[in-house]
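Report on the following structure.
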Amino acid sequence: MTSADEVPATGVWLVGARGSVAVTAIVGAAALCAGLVEPVGCVTAGPEFAGARLPDYADLVFGGHDVSDVSILKQAAELAADGVIPAALPSAVADELRAADAAIRPALPRAGDPRPARQRISGLIADIEAFRAERRLRRVVVVNVASTEPPIPDPDHPAHRRRADLETALDRDEAGLPPSSEYAYAALRAGCPYVDFTPSTGARLPALDELARSVGVPYAGSDAKTGETLLVSALAPMLTSRALRVRSWSGTNLLGGGDGATLADAGAAASKTISKRRGLDRMLGAPVEGRTHIDNVPAQGGWKTAWDHVGFEGFLGVRMTMQVTWQGCDSALAAPLVLDLARLLAGAHETGSAGAFAPAAFFFKDPVAADGQGEPEYRLASQYQTLLAWAASVTGP
């Protein structure tokens, strides 16, 4: 029940709140509430979710962290100039954009922070809790839409295995958490559901899964599938269910903008390609020939092109190929998923879910399993049925 000091609103705390995806989501939510656009691309706006216990779009209140001091209004104007959002929208929802911009706080610096980890994390928690208290929110969902990090340097760090070991290591300033995992820890400690929208490590550590369960908070991730991998998660099961033998799968991704610049770094690109290939290998049953490439093409701006070449074998060993090209606007594809995931994780929290929220696998390239450690489902159709089953299970007041 909502207390006298709360409003039935859900905060959406965006890590990377002034980036293209976050700003497109904020503009889109405001435009939806004003009746200026239709919810095209918003999965949870469909009739299958009408009875689920999810917050309305009008109940979403935005804030976040960012290293940039470029205002949301200015960023929205730039996105409009690039054709990512309709030209008239930034001015039509300017008041909502100003309100969100006023709630943005400085993020952890990309080049590192000399403060002890406990102090850094305490500052993040304080920012989130102040946002919740000042706006008297029912709950806050933290969504990481910041730049992709390289893979964690020490995946077997002893402090990352158990919650108790992590707490001790944090006290000694020896935890070795990447920024995304510090944000995940801060969100969980603040009692907030957490979403890893990027392939960064985030909450995908056994110690953080244990923490999420112990505090009764759900989390989901990782690396939202908005284009090429969305196709792969539908096409790979199609080929295997048809008993066709896939021999190779190669992909090339061309993108510009902030994502392109970030993924020009070999470490960040490695996180993305690992995420892309893991699900493909699992759906096919084994690794196949071919690689996935990501190229920064600044002239692409906020648009991306992905090309896949699939070699497969049919009856009597006949060799065949399939080529698929996907061209789209990354922010416009990603933003509605941010809104979907914020609503879903709020609903999961409301209905008592804790730990890895497996029904959200539909949205991710490399989803977490139900227990945070087992084998997740990668096939798109199966993921969607799991999501619909969960939505049907949480209908009612």
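Quick notes
- The chain - share of DSSP beta bridges that are antiparallel (%, nearest 5): 45 percent
- Kirkwood analysis of the stretch 327-397, using all unique Cα-Cα pairs, places the hydrodynamic radius at 13.0 Å.
- Membrane-span-like helices in the chain, defined here as complete DSSP H runs extending at least 24 Å along the helix axis by their C-alpha atoms with mean Kyte-Doolittle hydropathy no lower than 0.0, are 330-350; this is a sequence and geometry rule, not a statement about a membrane.
- Between Glu289 and Phe315, the FRET efficiency estimated from the beta carbon spacing at R0 = 30 angstrom works out to 0.90.
- Amide H partners (placed H, <5 Å) of Ala356, local residues excluded: Tyr219, Gly372
- Point-charge dipole on Cβ atoms (K/R +1, D/E -1) for the stretch 167-254, about Cα centre, debye to 20: 700 debye
- Centroid-to-centroid, using Cα positions, the stretch 275-289 and the stretch 301-328 are 15 Å apart.
- Rg ratio for the chain: its Cα radius of gyration over 2.2 N^0.38 Å, N being its residue count, equals 0.96.
- When only alpha carbons are used to place a centre, the stretch 80-155 and the stretch 338-389 end up 23 Å from one another.
- Using a probe radius of 1.4 angstrom, the carbon and sulfur fraction of the accessible surface of the chain is 53%.
- Interatomic Cα distance distribution for the stretch 198-298, bins of 5 angstrom, percent: 2, 11, 19, 19, 16, 14, 11, 6, 2, 0
- Expressed as a fraction of 2.2 N^0.38 Å, the value expected for a compact globular protein of N residues, the C-alpha radius of gyration of the stretch 274-397 is 1.31.
- The helix-based estimate of mean residue ellipticity at 222 nm for the chain, built from -39,500 (n - 2.57) per DSSP H run of four or more residues and divided by its residue count, is -12500 deg cm²/dmol to the nearest 500.
- Stretch in the chain that is longest and holds no trypsin sites (Lys or Arg not before Pro) that DSSP places in a loop and that have at most 12 other beta carbons within 10 Å: 1-109
- Most mobile listed residue (Leu97, Leu316, Leu387) in the chain, GNM with C-alpha springs under 10 Å: Leu316
- For the stretch 158-215, applying the loop criterion from DSSP together with a ceiling of 12 other beta carbons within 10 Å to the GluC sites (Glu not before Pro) yields Glu174.
- Extended-chain gain in nm, criterion 0.36 nm per residue less alpha-carbon gap, Ser68 and Glu134: 21.5 nm
- Solvent-accessible heavy-atom area per residue, rounded to whole Å², over the chain at 1.4 Å: 43 Å²
- Using C-alpha pairs below 8 Å separated by at least 6 residues, the relative contact order for the chain is 21 percent.
- Under the Karplus curve 6.51 cos²θ - 1.76 cosθ + 1.60, θ = phi - 60°, whole-Hz ³J(HN,Hα) for the stretch 301-316, x wherever Gly or Pro sits: x, x, 10, 10, 10, 10, 10, 10, 10, 10, x, 9, 10, x, 4, 6
The values are calculated or read from the model by the stated rules, or taken from the named source; none is laboratory data. Only a predicted model underlies this, so the values are computations on that prediction, with no experimental measurement involved. Reconstructed Cβ throughout: ideal geometry from the backbone, glycine too, with neighbour counts over all protein chains shown. Note: accessible area is taken over every heavy atom of the protein model, side chains too, but ligands, DNA and RNA are not part of it. Shrake-Rupley method; radii C 1.70, N 1.55, O 1.52, S 1.80 Å.
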